[in-house]
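Asks: The structure that follows is given in the form of structure tokens.
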Amino acid sequence: MKSAKTILSTNIFPVVGIGASAGGLDAFKKLIKAIPEESGMAYVLVQHLAPTHESLLPEILQKVTAIPVLEIADEIKVRPNHIYILPSNKMLVANDGILQLSPRPTTTEPNLPIDLFFQSLAAVHRNEAIGVILSGMGSDGTLGLKAIKENGGITMAQDRDSAAYDGMPLSAISADVVDFVLPPHEIPRKILELTQSLRQGHPTTPEMDDADIIRQILSVLRTRHGIDFTYYKQTTIRRRISRRITLSRLNTPADYLAYLQKTKPEQDALYQDLLIAVTTFFRDPKSFALLSRTIFPLLLKTKADSEPIRLWVAGCSTGQEAYSIAICMKELLGNSLQPVHIFATDLSKPAIAKARTGIYTKKEVETISAQRLQQYFVKIKGGYQVSKEVRDMCVFANQNFLNDPPFGKMDFISCRNVLIYMDAYLQKKALTTFHYALNSAGFLMLGKSETVSSVSDLFAVMEKVDKVFTRKDVPGRFIANANQRAESSLSSPNAKPVSKPSDYQKTADYILFNQYTPAGVIVNDVFDIVHFHGLTAPFLEQSPGKPSHNVLLMAKHGLAFELRSLLHKVKKEDKPVRKELIPFQTGNRLQTLSIDVIPLPNTLDACYLILFYTTGIPDTTPTVPSQKGGLTKPIVEPKDQLIHQLEQELAQARDDMRSITQDQEAINEQLQSANEELLSGNEELQSLNEELETSKEEQQSSNEELMVVNEEITRLNGQLTIARDYAEAIIANIGEPLLVLDQRLRVKTANNAFYKTFQVNETETEGVLIYDIGNREWNIPELRTLLERILPEKSTFRAFELTHTFAAIGRRVMLLNAREIIHKNSKEKLILLSIEDITQATNERDQERLAQQQLQFMADAMPEKVWTADAAGNANYFNHTWLRYSGLTFDDLKAFGWENVVHPDDQKENKKRWHQSIRTGAAFNMQHRLRDAAGAYKWHLSRSVAQLDDQGRTTMWIGTSTENHEQQLYQEELEKSVASRTVELNEANQTLAQKNEELQQMNKELESFTYVSGHDLQEPLRKIQTFAGRIMDEESQQLTDNGKRDLQRLQLAAARMQELIQDLLAFSRLNVTERTFEPTDLQKLTDEVISQFQETISEKQAIIDIGELGMVTIIVFQFRQLLQNLIGNALKFSVPGIPPCISIVGQRAYGRDLTDNRLLADTSYFHLSLTDNGIGFDPQYKERIFEVFQRLHGREAYAGTGIGLAIVKKIVENHNGLITATSELNKGARFDIYIPEPDRPVAPVSVDK
């Protein structure tokens, strides 16, 4: 840099620093295009550029604006209405209104040109500095905006929606150093509004718009929080109020006042904004180096080893400065046991609460060296916590050091960058308080922009650059309790606004006030002058010796006596006092003087206005008429006139003396009475001292109890720490990757499984937007949509399957679950995202599918017609033999399409047997005709057996269809021959009997043949099992693991097929069942069925309501199946997340009283109704659902065979009854069953009917 010394700028116009990185060009264009040509401000653009990149930014931006755009040359003078651009491979600072360039450093540390320029801009231009952060990645600019804000400047950032990369703006917003968040094209207009309003609202301007409203706003804050901001810097106050007006989307201060009065959260928000909590660890390292090198060693020299060192950090904000001082003291003391007490105070309760925890984010500890971070901090999830030994040195409290009683006997006070927000009056009050709180020769440290010039008699400069001062051992002027301004002194919020005077009236008032009002001064409660008005030199002057602003010491020509008398009278009576005709010598001329002393209302501390009026000597000489008439002449000489004046003064002096004497006598009496009270009080104190001795012992006992309580609290805190560490250890060791996201979807913390699974580290993960992790590999649109809904919509998502390819680990299949973390004691909104890697399970599923394909290949090679179906009876495979025979495709035959191949005459029986097998699990066995590709029907024997799992539940069906057309034709031809000879029966009775015997024998042989054919189907399976077993036994060593696994699956499939065939054979003997009707307690039967579903009912929290059912004559085992199917369907087809509600009601009625016209009018029916609140179905399917193999939902959504309701309908038909279904989508379903009761008498028909 050209100059190592920072020189404040004398420019009176604002300088706007604008920083950007990735995506900044578009933002620059939009912002520059919106700047007026005569804005009266200078703009400096700083962008991240590669060292070798030749920037064309000036030429590009000049095309969108008429304002001159210049590339910065060294030592260029900043001028308003110009735009300056940083060249490539350079660093930039501002100094004395000049832009200075330096080469870009070649170190490996991050290049932060925006921070560097903004910090120099804040130091040089102070409250005229304006910082703007636009699109970019990283955090450059955050520290720079923090410096601008500390010096009273304005800070802005681009909003997230318009930023191409929101890293830099979000970093600044998260650090709470941004006043306004706007899109680029709105930023220039907001800057102009702020600068114009601040200039208009400057206290030196006679015109001040909205002053009364601002005062009422501050009154609302004082009522809410007890803090009066009246004497804080009005520029800062107005800027903060303007920011809140913008954020509240209001237009005028009056609107904001109305909103503020009825919105307490907004009152708290404005209060926190006015406090400006900006701080960092080891802010200004040179100052802390001075403390460690010089100041603190001097303190130690004045202290005994056991004497505590007392330090006070006033305005500590969130505690970083207090902990920084504690670390410096810890490093200086080493292993010394000398006690150190650091008292840290602030107005902000949230800031103090954070300071007490000592927990800070990684960004907040960036300014701490790695060594200190390791030694004095403990790493926790999401950040760092100050170690316990450092935290124990600090005591944090909420305090207003301007009004609250201060700490005492302090060795060192730090109050940095607090006084800059106060006006001269509060600065003087604060410094007086610090003088009172410090020990003799104690140290005071202020901010770089602060000074003690207003109380130079109380402090001496020790280090001018670092703003360290020592206390002078002189009497202080500390006033313990300041008078509070009366609330009634401010305008009532409901008062009618006073009409503003016109411009000429205000101008006239201003001229009258400054030129035609008498000279005067304003003095405080101890008679020190705090303000001069007009020419006071004739009445006041500095006396020789030490300078003073006390009005009594500065009074000329004996006016001190008069002023003292008037001031004491005003303090006593609290009303204005005037004294006239006070003789006053001005040069050689004698004049009279009148003095008014007026108590000022509505002031924080008691203040008095003194006004001086001068006149000539009044002509009080007696006169007589002239002999000529009309004129008068004096009776006495001028000396007699003077004597007369002196006599009047003497009389006045006697009156004053008399008044003083009376006051003195009254005071003497009061003193006498007070003396007697003191004597009495002394005796009482003697007694009280004895009581205090007793109390001391009690207090000692209480202290011991407190120590025990403190030990218990320490123990509980230790347990809490252990519990937290235990929980963190559990999370760290969970095998499932976990992420905790903040409300901006930035990673707050992640567990070890996440880092290990996705091969990323903590540095590039925590604090980063989830979409930016791992080179933006998590920027997945589906995931983004789901995550951004969670907090606004209070939604969650579970088992969201996501397939994605990562550069480091390749393709991964994951199940994602996310929900909001509910924390009752924290306002922070967090999201927990868990990730289950199911890549291996998915691969295994694919391998199983491959094995199934291999099994199907083997079946395709068999000459038999082989087919399989799922547990619900839906055909899902036909081998090539089947397809060639039928001439149809798989799509034509799948599910229940194969039934269309069955001869129409055989379809009904085929459907009945197949559904019965599915329902009971018994083997399917049937002789029927199947249509070939040419359209001819040929006889086949079809058999199918169920494969069962370990619990005996059907998992699939395996079947074969064997052609036996020749045998069947032979049997048919035989039957025809028998029919043709029926006519000859009487003649060939004996022959027919013989033929009948032969026919019976042939039927037996046919049955045997059928049975043998069924067994023959097992022979290929036995061969498969035998050869597979041999391969496993004899060739096992030569097989690969995959080969062994496939062979084992082949054996299992063959065993399942063999079992299926065996079950089919067994089912062939169970074709016909006897129907037996018997009276049954339907209530008891229903309870038995419900008990079978108890596990499902508990799982789904189902509610089943059963009415009075009574006795019914039914086929018991069939009706049990009917109830099982209907109740099972009601439970199965329930709405996810809603407990099923099932109602079962029964009644008896005659057909004419029921709604269905298919019922016989005179027949009695038992009407059973079952209603649920499930998913229902479209009314158009109310008949189709009773058909065999009809499904309204895929197997993936709901398991089942598709024949349950067909079975129900068949059972109802076996009872000669009727069943109907009524439903709408998502509105549940109702099934009505009507069973005739033949034993009940026929209903009588009335005459009316």
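Asks: Could you calculate the contour length gain from ASP284 to GLN743, that is, 0.36 nm times the residue separation minus the distance between their Cα atoms, to one decimal place in nm?
Replies: Extra length available between ASP284 and GLN743 comes to 162.0 nm.
Asks: Using only the Cα atoms of segment 511-618, build the gyration tensor, take square roots of its eigenvalues as a ≥ b ≥ c, and label the shape rounded, prolate or oblate: rounded if a/c is under 1.5, else prolate if a/b is larger than b/c, else oblate.
Replies: rounded
Asks: Report ³J(HN,Hα) in whole Hz for each residue of segment 812-820, in order, from the Karplus equation J = 6.51 cos²θ - 1.76 cosθ + 1.60 where θ = phi - 60°; Gly and Pro get x.
Replies: 9, 10, 10, 10, 10, 10, 8, 7, 6
Asks: With a Förster radius of 51 Å, plug the Cβ-Cβ distance of LEU802 and ALA370 into 1/(1 + (r/R0)^6) and report the FRET value to the nearest 0.05.
Replies: 0.85
Asks: Applying 1/(1 + (r/R0)^6) with R0 = 45 Å to the Cβ-Cβ distance of ALA460 and ILE660, what FRET efficiency is obtained, to the nearest 0.05?
Replies: 0.65
Asks: Another question about this same structure. List the aspartates and glutamates whose alpha-carbon lies under 17 Å from that of LYS1227, not counting same-chain residues fewer than 8 positions away?
Replies: Partners within reach: ASP1172, ASP1178.
Asks: Expressed in nm to one decimal, what extension gain is obtained for the pair GLU848 and ASP528 from 0.36 nm per residue of sequence separation less their Cα-Cα distance?
Replies: Extra length from GLU848 to ASP528 when fully extended: 105.5 nm.
Asks: Something else: Within the set of other residues whose C-beta is less than 13 Å from the C-beta of VAL395, count the net charge using Lys and Arg as +1 and Asp and Glu as -1.
Replies: +1
Asks: Just tell me which aspartates and glutamates come within less than 15 Å, Cα to Cα, of LYS1209; anything on the same chain fewer than 8 places away is out.
Replies: In chain and number order, the partners are GLU1183, GLU1187, ASP1232.
Asks: Which stretch or stretches of segment 375-419 have amide N atoms under 13 Å from the point lying 7 Å from THR302's Cα along the Cα→Cβ direction?
Replies: Flagged as within label range: 409-413.
Asks: Where Lys and Arg each count +1 and Asp and Glu each count -1, what net charge lies around SER594 among other residues with Cβ under 12 Å from its Cβ?
Replies: Net local charge, SER594 excluded: -1.
Asks: Of LYS546/LYS569; LYS362/LYS388; LYS938/LYS1210; LYS354/LYS448, which sit over 20 Å apart, Cα to Cα?
Replies: The answer is LYS546/LYS569; LYS938/LYS1210; LYS354/LYS448.
Asks: Counting other Cβ atoms within 10 Å of each Cβ, which trypsin sites (Lys or Arg not before Pro) in segment 390-425 have at most 15 and sit in a DSSP loop?
Replies: Loop-located and lightly packed - LYS409.
Asks: Taking 0.36 nm per residue of separation and subtracting the Cα-Cα distance, what length does fully extending ARG1148 through ALA651 add?
Replies: So the chain would gain 166.4 nm between ARG1148 and ALA651.
Asks: Counting other Cβ atoms within 10 Å, which trypsin sites (Lys or Arg not before Pro) in segment 796-891 have at most 12 and lie in a DSSP loop?
Replies: In loop regions of segment 796-891 (DSSP not H, G, I, E or B), the sparsely surrounded trypsin sites (Lys or Arg not before Pro) are LYS824, LYS827.
Asks: Output the peptides 180-187, 399-406 sorted from most to least packed, where packing is the average of other Cβ atoms within 10 Å over each peptide's residues.
Replies: Descending mean neighbour count gives 180-187, 399-406.
Asks: Another question, then. Taking K and R as +1 and D and E as -1, what net charge do the other residues with C-beta under 12 Å from the C-beta of SER348 add up to?
Replies: Overall, the nearby charge balance is -2.
Asks: Here's something else I'd like to know. Ranking request for peptides 893-904, 775-786, 1026-1037, 37-48: highest mean number of other beta-carbon atoms within 10 Å first, then the rest in descending order.
Replies: Listed from highest to lowest mean packing, they are 37-48, 893-904, 775-786, 1026-1037.
Where a number appears in this text, it was derived from the coordinates with a stated rule and is not lab data. Please read these numbers as outputs of a predicted model, since none were measured by experiment. FYI the Cβ positions are ideal-geometry reconstructions off the backbone, even for glycines, and counts take in every protein chain you see.
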